[in-house]
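Notes for the one structure printed next.
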Amino acid sequence: MTGPTAAPAAGVTVLLAAAGPDARRTVRTVLLEAAADTLGVPRAGLRIAREPGGRPVLEGAGPPVAEGADRPLHIALSHGRDTVAAALTRLGPVGVDVERIRPLPTAGLARRWFDPAEAEWLERQPGPEQPTAFLRLWVQKEALGKALGTGLRGGGMRRRVLPLGTPPTGLLAPLPTRPDLALCLPQAPPGLCLAVGVWSPGAAGAPATVVVPGTPPSPTRT
């Protein structure tokens, strides 16, 4: 793996890679290599464990993982259809989700899963834009659930996210109803929807930097 991978103290690093034949193995490899670079420890000494609720945690390197330079290194994973994403940050518990844009029965799915106001808004979008609009909402809800450690249990698909129509941006923004939660839709390669969520009152305004091995990091856009 090449290119910058260290998670800046004041932001989130998101690494994207082709899923390959084994998406779970690929994303774990991407994350462990980035975590080893960030912590300055051998990759062989790191492993990914799970909290009771399913949130991944980094283990195996002793104090650098438990305490970090000043705060723990939080991690998150996502397995898309052909792309995987790994996120690292010291801001707080983090979630990431990536999806390939594709044709979807958005109206029916939105009425089934989303808040009625979100479903109505989606139906008002031009037909060709509806799959992207739907998936931008979906990945935000997934990223928030991962940051909270609950997934989509307990009505997570109706959890409020960024204001409807929020365009992609690389800066985390607080949720109007939950200032301790911050979200953003970082710029992703064409054809992908990507969201990052952080559970920390100090995360708002922090950048989320997207790294694709072999290419320069994406710029943070406001």
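The values are calculated or read from the model by the stated rules, or taken from the named source; none is laboratory data. Values in this document were obtained by computation on a predicted structure and should not be read as measured data. Here Cβ is always computed from backbone atoms with ideal geometry, including for glycine, and neighbour counts include all displayed protein chains.
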Sole exception among (1) closer than 18 Å to residue 195 by Cα; (2) out of contact with any helix residue (DSSP H, G or I) (no Cβ under 9 Å at 6 or more places or on another chain); (3) exposed (fewer than 13 other Cβ atoms within 10 Å of the Cβ) for residue 102, by number: (2)
Taking region 168-185 and the residues there that are out of contact with any Gly (no Cβ under 7 Å at 6 or more places or on another chain) and not in a strand (DSSP E or B), the one that is surrounded by the fewest Cβ atoms within 10 Å (Cβ to Cβ) would be 177
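For region 100-141, name all the residues that are of a type in the set (S, T, N, Q) and under 16 Å from residue 80 (Cβ atoms). Don't jump to the end; show me each part of the working.
Applying the first criterion (of a type in the set (S, T, N, Q)) to region 100-141 yields 106, 125, 130, 132, 140.
Of everything in region 100-141, those that are of a type in the set (S, T, N, Q) and under 16 Å from residue 80 (Cβ atoms) turn out to be 132, 140.
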Which listed residue, of 203, 188, is buried (at least 17 other Cβ atoms within 10 Å of the Cβ), farther than 22 Å from residue 92 by Cα and modelled with pLDDT of 90 or more: 188
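Confirm whether residue 165 is under 24 Å from residue 93 (Cα atoms) and part of a loop (DSSP other than H, G, I, E, B).
Values: under 24 Å from residue 93 (Cα atoms): no; part of a loop (DSSP other than H, G, I, E, B): yes.
So residue 165 does not fit the description; no.
Determine whether residue 165 is over 19 Å from residue 81 (Cβ atoms), small (Gly, Ala, Ser) and either surrounded by fewer than 16 Cβ atoms within 10 Å (Cβ to Cβ) or touching an Asp or Glu at 6+ places or on another chain (Cβ under 7 Å) (or both).
In short, yes.
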Residues to consider are 145, 151, 205; find the one that is within 25 Å of residue 54 (Cβ to Cβ), of a type outside the set (Ser, Thr, Tyr) and in a loop (DSSP other than H, G, I, E, B). 151
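Output the residues belonging to region 121-151 that are closer than 21 Å to residue 100 by Cβ and more than 14 Å from the chain's Cα centre (by Cα). Write out each step before concluding.
Taking region 121-151 first, the residues closer than 21 Å to residue 100 by Cβ are 122, 125-146, 151.
Answer for region 121-151, where residues must be closer than 21 Å to residue 100 by Cβ and more than 14 Å from the chain's Cα centre (by Cα): 122, 125, 126, 127, 128, 129, 130, 131, 132, 133, 134.
Within region 116-149, count every residue that is of a type outside the set (S, T, N, Q) and surrounded by 18 or more Cβ atoms within 10 Å (Cβ to Cβ).
Just the residues of region 116-149 that are of a type outside the set (S, T, N, Q), to begin with: 116-124, 126-129, 131, 133-139, 141-149.
Next, only the ones that are surrounded by 18 or more Cβ atoms within 10 Å (Cβ to Cβ) stay: 118-119, 122, 131, 133-139, 141-148.
Going through region 116-149 one residue at a time, the tally reaches 19.
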Within region 88-116, residues being in a loop (DSSP other than H, G, I, E, B), free of Cβ contacts under 8 Å to residues at least 40 places away in the same chain and of a type in the set (Lys, Arg) number 1
Any chance region 124-136 includes a residue that's in a helix (DSSP H, G or I) and closer than 27 Å to residue 50 by Cα? yes
